[in-house]
Amino acid sequence: MLFNLTQKWRCSSYLRRRRLSGQLHYGVRLGAINRYSQFMLQKTLGFHLLFLLPSLLFVANVGAQGNQNVIEVPDGLSLLLKAKGEGVQVYGCVNGSWILQAPAADLLDEQRRVIGRHYGGPTWRLNDGSLVEGAVVSKQVSPEATSIPWLLLKSVRGTGKLEAVQFIQRAETHGGIAPSGNCSQATVVRVPYTAMYSFYGRAR
């Protein structure tokens, strides 16, 4: 009888030690597993970011290229005339803010000869009386912070040599932006600018 009780006590003590040992080992194993899982998660995220970053940069670059092409003319049109505009952008004060009234510029050919005028409308008129009027279709910010935007305009009326013009592109602008700050009523300022004007249409 005494032998049986002693044997049972030893067995129960052995089982308690095993359970305690198992719990300790389990806790150690669980902690190690958690640390390993965190390490693998961080490694996996780093791996995905490494391969995802070039894709993100590519998308951003495509977006930037798309913004740079907003003033491109439709396919199938030919360049009919290109002239440099040199003059001023005229701003008037309306309710304390500067508002564009009209451009006033000469149109120059490659030899810097005056071949026409650019004025309100907006209108481009050649020396022979040919003219084209446009309406803004799209614009993009100039690479120069102090310059007026680049534009794509659609012809709304044309006569003479410019009757075939369908689109006008304004690019390579320098200067011309309105003064900063508020203004006084009835004030007018003339801000110097230059730009390249390209006229596109279907060649006859």
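Selection of segment 91-121 for residues being part of a loop (DSSP other than H, G, I, E, B), open to solvent by less than 80 Å² (accessible area, probe 1.4 Å) and at pLDDT 95 or above yields Asp109, Gly120, Gly121.
For segment 81-89, the count of residues that are touching a helix residue (DSSP H, G or I) at 6+ places or on another chain (Cβ under 8 Å), at pLDDT 50 or above and surrounded by 10 or more Cβ atoms within 10 Å (Cβ to Cβ) is at least one.
Condition check: of a type in the set (Ser, Thr, Tyr) and surrounded by 16 or more Cβ atoms within 10 Å (Cβ to Cβ). Does Thr173 satisfy that?
Working: of a type in the set (Ser, Thr, Tyr): yes; surrounded by 16 or more Cβ atoms within 10 Å (Cβ to Cβ): yes.
When the stated conditions are applied, Thr173 passes them.
Of the listed requirements (1) touching a strand residue (DSSP E or B) at 6+ places or on another chain (Cβ under 8 Å); (2) loosely packed, with under 12 Cβ neighbours inside 10 Å, Ala145 misses just one: (1).
The values are calculated or read from the model by the stated rules, or taken from the named source; none is laboratory data. As the structure is a computational prediction, the values presented were derived from the model and not from experiment. Glycine also receives a Cβ, built like all others from the backbone with ideal geometry; neighbour counts cover every protein chain displayed. For the accessible areas, the whole protein counts, side chains as well, though only heavy atoms, and no ligand, DNA or RNA atoms are used. Shrake-Rupley method; radii C 1.70, N 1.55, O 1.52, S 1.80 Å.
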